[in-house]
Amino acid sequence: MTTGDSSSAGEGQVVVQLDAVRKEYGESAALDGLSLEIRAGEAVAVMGPSGCGKSTLLNMVAGLDRPTSGRVVVNGEDLGSMNETGLALFRRRRIGMIFQFFNLLDDLPALDNVALAAQLTGASAAQARRRALELLDELGIADRRNVYPAALSGGERQRVAVARALMNRPALLLADEPTGALDSHAGEQVMDLLIDLNQIGQTLLIVTHDQRLATRCASRLVEVADGRVVRQSTLERTA
Ligand SMILES: Nc1ncnc2c1ncn2[C@@H]1O[C@H](COP(=O)(O)OP(=O)(O)O)[C@@H](O)[C@H]1O
Ligand SMILES: [Mg+2]
């Protein structure tokens, strides 16, 4: 067994690499020289107090915002070298995102919320709807496909959001407090879903201040304070 060889068998390729990323907002720094590497197949939980830079970190990885300095490489692509159009394409094709408050479109039923993600990358409406229905079925909510978000439960909304995030088979699924707005039962279901996805190989980056979410779903814990990584540990996942 070799060590330090990123291509050795059993170790995933590097999917995310952040080198000394700094992000300033006015006078203060939301990220202060943060470095982090994530390999294919990992489930990484980032934890830290409110305001420590967790959402800013996700925004950097998703190419939603640019660092003031430092480098962000995702799936082999240096985001700093892309223009806005390139970043938008990268985001649609390579990144799935889920949020605390789901961010579904209120005036589209569940199926169309999911299908839209593929239509934006050029899939036909028929192809997109077919895959959307498959995903809703896998996530156990196909019977809710014609229901509008307002009539779905929180857990159902988050499952629709997960289906939407998976539409384009992203290299990386990002989750920002995915259980933060859910009751404990729905939260557990979303955790089960994230665990299942990771077990079939989906790389996950989850930011949360829910200790249970981290210990249940993640294989590695990254603790952030004041915009820097202060501790990392490998987790034994608990049931
Ligand atoms: N768009 C923004 N404009 C100004 N300040 C911001 C912006 N986004 C985040 N911040 C600040 O950066 C810091 C980190 O924020 P954030 O990444 O949202 O933290 P967390 O997600 O860990 O709660 C906070 O002090 C926050 O107020
Ligand atoms: Mg946040």
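The values are calculated or read from the model by the stated rules, or taken from the named source; none is laboratory data. Everything numeric here is computed off the predicted structure, so don't read it as measured data. Cβ placement follows ideal geometry from the backbone for every residue including glycine, while neighbour counts extend to all protein chains displayed.
Looking at the range 54-72, I want the residues that are surrounded by fewer than 22 Cβ atoms within 10 Å (Cβ to Cβ) and have a partner that is part of a loop (DSSP other than H, G, I, E, B) with Cβ atoms under 7 Å, at least 6 apart or on another chain. Which pairs are those?
59/65
Go through 42, 27, 77 for me and flag whichever is exposed (fewer than 15 other Cβ atoms within 10 Å of the Cβ) and acidic (Asp, Glu).
So the residue among 42, 27, 77 that is exposed (fewer than 15 other Cβ atoms within 10 Å of the Cβ) and acidic (Asp, Glu) is 27.
Within the range 140-147, is even one residue of a type in the set (Val, Ile, Thr) and in contact with a strand residue (DSSP E or B) (Cβ under 7 Å, 6 or more places away or on another chain)?
no
Only one of (1) more than 23 Å from residue 37 (Cβ to Cβ); (2) surrounded by fewer than 16 Cβ atoms within 10 Å (Cβ to Cβ) is not met by residue 236, so which one is it?
So the condition that residue 236 fails would be (1).
Considering only residues that are within 15 Å of residue 99 (Cβ to Cβ) and away from ligand 1 (no atom under 16 Å from the Cβ), which ones fall in the range 194-210?
194, 204
Across the range 21-42, what is the total count of residues that are out of contact with any Gly (no Cβ under 6 Å at 6 or more places or on another chain), farther than 30 Å from residue 199 by Cβ and away from ligand 2 (no atom under 16 Å from the Cβ)?
4
One residue is enough: does the range 63-83 have a residue meeting the conditions modelled with pLDDT under 95, among the hydrophobic types (A, V, I, L, M, F, W, C), more than 14 Å from ligand 1 (Cβ to nearest atom) and at negative phi?
No.
Give the residues of the range 26-55 that are more than 18 Å from residue 213 (Cα to Cα) and touching a helix residue (DSSP H, G or I) at 6+ places or on another chain (Cβ under 9 Å), sorted by residue number.
30, 31, 34, 36, 38
Across the range 155-176, which residue is farthest from residue 124 (Cα to Cα) among those that are at pLDDT 95 or above and among the charged types (D, E, K, R)?
176
Residue check: is residue 91 farther than 17 Å from residue 23 by Cβ, more than 16 Å from ligand 1 (Cβ to nearest atom) and in contact with an Asp or Glu (Cβ under 7 Å, 6 or more places away or on another chain)?
For residue 91, the condition - farther than 17 Å from residue 23 by Cβ, more than 16 Å from ligand 1 (Cβ to nearest atom) and in contact with an Asp or Glu (Cβ under 7 Å, 6 or more places away or on another chain) - is not met.
Which count do you get for residues in the range 89-129 that are modelled with pLDDT under 95, under 16 Å from the mean Cα position of the chain (by Cα) and among the aliphatic types (A, V, I, L, M)?
1
Filter the range 57-78 for residues that are out of contact with any Leu (no Cβ under 9 Å at 6 or more places or on another chain) and in a strand (DSSP E or B) and give the result.
Residues satisfying the conditions are 69, 77, 78.
Going by the conditions given, is residue 132 under 20 Å from the mean Cα position of the chain (by Cα) and farther than 28 Å from residue 211 by Cβ?
Judged against the criteria, residue 132 is a match.
Quick one: residue 199 ticks every box in (1) in contact with a helix residue (DSSP H, G or I) (Cβ under 8 Å, 6 or more places away or on another chain); (2) surrounded by fewer than 21 Cβ atoms within 10 Å (Cβ to Cβ); (3) of a type in the set (S, T, N, Q) bar one, so which box is it?
Status for residue 199: all satisfied but (1).
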